[in-house]
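> Dumping the structure here so I can ask a few things about it.
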Amino acid sequence: MGFKDLKRNSIANLTSEIEKLSERNQSFNNNDDKLWRPQLDKSSNGYAVLRFLPAPEGEELPWVRLFDHGFKKNGKWYIENSRTTLGEKDPLGELNSALWNSGVESDKEIARKQKRRLNYYSNVYVETDPQNPENEGKVFLYRYGKKIFDKLSEAMQPQFEDETPINPFDLWKGSSFKLKIRMVEGYWNYDKSSFSEPSQFKASDDEMESIWKECYSLSDIVSPDKFKSYDELKTHLNEVLGIQPTMAPMTNQVDATEPAKPVQTQIPTTESDDAMSYFEKLANS
């Protein structure tokens, strides 16, 4: 997709992709200088103004979705991208499914602690960043979770008749996102975040095109080379869990003579936004 195609990029295309995600019901390091992340002030509040940018040149969507895992066991960390992002089998995903379907509540609790995290990535232009003003006027990758993605979806697919759909990724008729973070029960809360009135991003097409060309590839985030092989992941998982290769990775063996229990496919998924503060607490413990 070239810059001239952006004006013709229909909001219908994006809402269609959102519907696909809902029907189906990585990672860059936190220290990566391409990755922007909000910071809280002394009152434990966060504020920034972002402009979500269109899909990078040659790519179709202004976001990618990635699943990963991050937990600590036996003093060791398991921080890996999940191959379920690629629509493939993942050893931890399989283990969690077995635990969840064992019918034992303690197994379900283990699966919850090891569950995958949902991340979205988009390119953003930082308009206001009080805690790090040096970021203002620059393009970054922004990792966010389902709650902020829901804000984007609601802007494109409003629930009420008196609300006009907005494509937040549109340079001409899009809208700036006022990110507001509060600490609620020890976790980051984004409920007060909202979009401003639609407006053209910059005064001239030339300036907008120049900024758009600074966008980072999103498809690269979920390219196959960003994922370890199934066997590599299984080896690492066994090391973290303290499982010998010959041992079955189950805490409870199910008697083969017992009637099969119904399979429950809805394994809980942690939203990246909510996981951030918990993950940091865990890291510091």
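> Might you check whether a residue that is farther than 22 Å from GLY174 by Cα, modelled with pLDDT of 95 or more and either more than 17 Å from the chain's Cα centre (by Cα) or surrounded by fewer than 21 Cβ atoms within 10 Å (Cβ to Cβ) (or both) occurs anywhere in the stretch 16-26?
no
> Please go through the stretch 79-106 and give me each residue that is over 30 Å from LEU53 (Cα atoms), surrounded by fewer than 19 Cβ atoms within 10 Å (Cβ to Cβ) and not small (Gly, Ala, Ser), ordered by number.
Hits for the stretch 79-106 are LYS89, GLU94, VAL104, GLU105.
> Which numbered condition trips up TYR190, out of (1) on the phi > 0 side of the Ramachandran plot; (2) touching a helix residue (DSSP H, G or I) at 6+ places or on another chain (Cβ under 7 Å)?
Just one mismatch for TYR190, condition (1).
> Sort out which residues of the stretch 39-95 are out of contact with any Gly (no Cβ under 7 Å at 6 or more places or on another chain), more than 30 Å from SER196 (Cβ to Cβ) and part of a loop (DSSP other than H, G, I, E, B), and write them in order of number.
GLY75, GLY87, GLU88, LYS89, ASP90
> Return the total of residues in the stretch 184-227 being outside any loop (DSSP other than H, G, I, E, B) and not charged (D, E, K, R).
14
> Please specify each residue of the stretch 215-234 satisfying the condition of being under 23 Å from LEU61 (Cα atoms) and either of a type in the set (Lys, Arg) or loosely packed, with under 14 Cβ neighbours inside 10 Å (or both).
SER219, SER223, PRO224, ASP225, LYS226
> May I pose another question? For the stretch 120-152, enumerate the residues that are under 12 Å from the mean Cα position of the chain (by Cα), under 20 Å from LEU40 (Cα atoms) and not in a helix (DSSP H, G or I).
The answer is LEU141, TYR142, ARG143, TYR144, GLY145.
The values are calculated or read from the model by the stated rules, or taken from the named source; none is laboratory data. Everything numeric in this text was worked out from a predicted model, so none of it was measured. With ideal geometry, Cβ positions are generated from the backbone for all residues, glycine too; neighbour counts draw on all protein chains shown.
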